[in-house]
1. Could you pull out the residue among Gln141, Gln111 that is surrounded by fewer than 16 Cβ atoms within 10 Å (Cβ to Cβ), touching a residue at least 40 places away in the same chain (Cβ under 8 Å) and assigned by TED's automatic domain parsing to the domain that holds Asn205?
2. Look through the range 90-106, keep the residues that are among the acidic types (Asp, Glu) and closer than 30 Å to Pro140 by Cβ, and return whichever of them is nearest to the chain's Cα centre (by Cα).
3. Based on this model, can you work out whether Leu70 counts as buried (at least 18 other Cβ atoms within 10 Å of the Cβ), assigned to a helix (DSSP H, G or I), modelled with pLDDT under 65 and within 32 Å of the chain's Cα centre (by Cα)?
4. Do you know which residues across the range 123-138 are in contact with a Pro (Cβ under 9 Å, 6 or more places away or on another chain) and not hydroxyl-bearing (Ser, Thr, Tyr)?
5. Could you tell me which residue of the range 112-141 is farthest from Asp55 (Cα to Cα), considering only residues that are part of a strand (DSSP E or B) and among the hydroxyl-bearing types (Ser, Thr, Tyr)?
6. Is it fair to say Leu87 is surrounded by 15 or more Cβ atoms within 10 Å (Cβ to Cβ) and either more than 14 Å from the chain's Cα centre (by Cα) or closer than 17 Å to Val158 by Cβ (or both)?
7. If the requirement is being more than 18 Å from Ser77 (Cα to Cα) and touching a strand residue (DSSP E or B) at 6+ places or on another chain (Cβ under 7 Å), which of these qualifies: Arg115, Arg153, Arg129, Arg122?
8. Are any residues in the range 156-214 part of a strand (DSSP E or B) and not polar (S, T, N, Q), and if so, which ones?
Amino acid sequence: MNFRSSHRCCADCTSPFCWRCIGGIRGFSDYPQCHRLAEVFPLISKELRRLSTTDALTGLYNRRHMEYVLTTEHSRSARTKAPFAVLMFDIDHFKKFNDTYGHEQGDRVLQAVARTFRDSLRKYDTPCRYGGEEFIGILPQTNLDGGMAVAERLRCEVENLVVDGLKVTISIGVSAYADTGTESVDQLIHAADQALYRSKAGGRNCVTRADSIA
């Protein structure tokens with residue numbers, strides 16, 4: 001949408017929004033010509049919210065939003081005693097995609113894995129890019145066994161991926177609030193990270209459940 005051409009509120013404005021006019025009114029109803037601002041602002045606000053919570057390359061939620069959702073789900077689960085699971089994974093041998101085929105190829109691999117990740121989850125799950133080639137999925141109302149099932153399905157779907165003729169695999173660690181004795185978000189993430197490490201050490205392209213810390 002071209003805000004500059006279609007959303008001027010006054011005839012003599014040179015910018016898409018008449019800040020001079022906005023500064024002198026108490027409400028949009030004071031100036032009929034400013035009603036268009038009431039239409040534009042919600043669109044801008046929605047887009048800014050999307051940009052502030054989304055990773056630009058993959059379209060998944062970014063780390064900032066991930067931390068917010070984790071805190072929210074942890075508080076809900078602590079109150080209701082409902083489980084929630086976290087899966088953490090990274091792309092096996094990702095460095096070789098960048099070093100051998102270039103960073104643009106590496107980006108395409110990230111994007112393909114991200115699409116598969118997003119499509120494998122439920123609508124109310126939260127797929128996030130944690131950083132680099134690492135990803136995190138937040139699964140409400142899901143215990144450790146349920147998280148393991150989701151992770152194994154995702155692993156198989158990625159294993160079947162071919163990106164520009166290249167095969168891709170991932171290694172996954174899964175933890176769950178309550179099931180593993182974790183009491184904080186940091187413990188939950190650490191448990192998933194340790195499980196991911198064991199997946200890598202065990203030969204990659206596999207899923208490992210977190211150990212109980214109880």
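1. Numbers: Gln141 fails: surrounded by fewer than 16 Cβ atoms within 10 Å (Cβ to Cβ).
Just a single option satisfies the conditions, and that option is Gln111.
2. The first filter runs over the range 90-106 and keeps only residues among the acidic types (Asp, Glu), leaving 90, 92, 99, 104.
Keeping just the survivors that are closer than 30 Å to Pro140 by Cβ gives 90, 92.
Numbers: Asp90: 14, Asp92: 20 Å.
So, considering only residues that are among the acidic types (Asp, Glu) and closer than 30 Å to Pro140 by Cβ, the one nearest to the chain's Cα centre (by Cα) is Asp90.
3. Criteria not met by Leu70.
4. Start the filter on the range 123-138 by keeping residues that are in contact with a Pro (Cβ under 9 Å, 6 or more places away or on another chain), which leaves 124-126, 135-138.
Asp125, Phe135, Ile136, Gly137, Ile138, listed by residue number.
5. Narrowing the range 112-141 to residues part of a strand (DSSP E or B): 126-131, 134-140.
When the remaining residues are screened for being among the hydroxyl-bearing types (Ser, Thr, Tyr), the result is 126, 130.
Working: Thr126: 13, Tyr130: 9 Å.
Checking each candidate, the answer is Thr126.
6. Details: surrounded by 15 or more Cβ atoms within 10 Å (Cβ to Cβ): yes; either more than 14 Å from the chain's Cα centre (by Cα) or closer than 17 Å to Val158 by Cβ (or both): yes.
Here the answer is yes, as Leu87 does meet what is asked.
7. Working: Arg115 fails: touching a strand residue (DSSP E or B) at 6+ places or on another chain (Cβ under 7 Å); Arg153 fails: touching a strand residue (DSSP E or B) at 6+ places or on another chain (Cβ under 7 Å); Arg122 fails: touching a strand residue (DSSP E or B) at 6+ places or on another chain (Cβ under 7 Å).
The unique qualifying residue is Arg129.
8. Residues of the range 156-214 that are part of a strand (DSSP E or B), as a first pass: 162-163, 166-167, 170-176, 207-209.
Listed by number, the residues that qualify are Val162, Val163, Leu166, Lys167, Ile170, Ile172, Gly173, Val174, Ala176, Val207, Arg209.
The values are calculated or read from the model by the stated rules, or taken from the named source; none is laboratory data. None of these values were measured; they are calculated from a predicted model. Don't worry about glycine lacking a Cβ; one is built from the backbone with ideal geometry, like all the others, and counts go over all protein chains shown.
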